[in-house]
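> Submitted below is the structure of interest, expressed as structure tokens.
The values are calculated or read from the model by the stated rules, or taken from the named source; none is laboratory data. Predicted model, so just to flag it, every value in this text is computed and none were measured. Because the Cβ atoms are built from the backbone with ideal geometry, glycine has one as well, and the counts that use them run over all protein chains shown. We work out accessible area using only protein heavy atoms, side chains counted, and drop any ligands, DNA or RNA first. Shrake-Rupley method; radii C 1.70, N 1.55, O 1.52, S 1.80 Å.
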Amino acid sequence: MINKIKKSYLDKIFAKLSKLIAFPGAVLNKLSNIQESLGRIEGRINICKNSNISDSEFKVYSQWGEDGIIQYLINNINIKNKIFIEFGVENYKESNTRFLLINDNWSGLVIDGCPKNIEVIRNDAIYWRFNLKAEASFITAENIDSIFANNGISGDIGLLSVDIDGNDYWVWENIHSISPSIVICEYNSLFGPTKKITTPYKKDFVRFNEHYSYVYYGASIAALNDLAISKGYSLVYGNSNGNNVFFVRNDLLSNLKTITPEEAYVKAKFQDSRDSEGYLNYLTFDERVKLISDLDVFDLNKKAIVKLVDYEKLLNINHI
């Protein structure tokens, strides 16, 4: 009898514990739903009131204001195929296309080099609620088009987002199988507004392996703009945080204003550099540049590898 009472008592405790364990997950789901709803409201307000792309920035799932910029662009150009590709998405909780998937019901392919991240995405409710594919692949200039082909994507698509913190320039250069209406690409503002430079191509480039500072990666805004022009695109915006640029295919520009790299460039103020132990050290812009100034960059005009220090006086660096 005593054992039955003990078992009944323990069952009640376990039931209460189960509810407590489930509670945080339920709260997170509610918060996610609220976040999504607020984003939809803000998106509709911005579409109605903003005639200027610079006023359109807002964040729902993007890192900065990319969600709003994308909403502005897709409502101001004629996009036939509402398909996106985004790579370098990690677990896709923070991304440039998640709001586009949920709010606008686009279809898409997301790619990340870490299988665990892809597993998280495939276990997310959005994976069955929407037409989303997730591919675990380490992206290189050599395999990028085959990844698209293996997922049945080619030709005209709506949007491509490139953010792999390394070979961004070289990978985009070697994309030939798709023709996106919009291309978003991350640039490294430490490389300045005018020099056409990028980290040299290295097939296995991983940002945190190349230099402990974590700020040696990617390409300059001028380099990406030069590549965009060669592919038939024009620069229409650079976000206010100084890390992403937006290009639109020339045949779709319509009334969109095009700008120069100098006009789009923003000297990034986020302080994400690390010390040799891997801890954030909150260096200023100038200090971050000096930290990597003895490293190699590829000069696209000279077609040669040079030291970043060669450009320090040309980067128009001001102390802050």
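> How long is the gain from residue 280 to residue 149 if the chain were fully straight, where each residue apart is worth 0.36 nm and the alpha carbon distance is subtracted?
Residue separation times 0.36 nm, minus the Cα-Cα distance, leaves 43.2 nm.
> Using a 1.4 Å probe, how large is the accessible area of residue 147, given in Å² and rounded to the nearest 10?
10
> Which peptide among 253-263, 173-183 comes first, and what is the full order, when sorted by highest mean count of other Cβ atoms within 10 Å?
173-183, 253-263
> Shifting gears a bit: Considering the zone a paramagnetic label at residue 201 would reach in this model (a point 7 Å from Cα along the Cα-to-Cβ line), which residues of segment 167-181 have amide N under 13 Å from it?
Under cut-off, by backbone N: 167-176.
> Then there is this: Highest mean first, how do 59-72, 130-143 rank when packing is the count of other Cβ atoms within 10 Å averaged over residues?
59-72, 130-143
> Right, another one. Would you calculate the volume per residue, in Å³, of the smallest convex hull containing every Cα atom of segment 207-261?
86
> Of all accessible surface on segment 251-313 at a 1.4 Å probe, what whole percent is carbon and sulfur?
Carbon and sulfur atoms account for 50 percent of the accessible area of segment 251-313.
> Let me ask something additional. Compute the FRET efficiency between residue 126 and residue 240 as 1/(1 + (r/R0)^6), taking r as their Cβ-Cβ distance and R0 = 41 Å, and round to the nearest 0.05.
0.90
> Right, another one. Quick check on my link table: of 59/116; 195/290; 133/202, which ones sit more than 21 Å apart, alpha carbon to alpha carbon?
59/116; 133/202
> Further question on the same structure: Looking at segment 182-227, what % of the alpha carbon pairs are farther apart than 12 Å?
More than 12 Å apart: 61 percent of the Cα pairs in segment 182-227.
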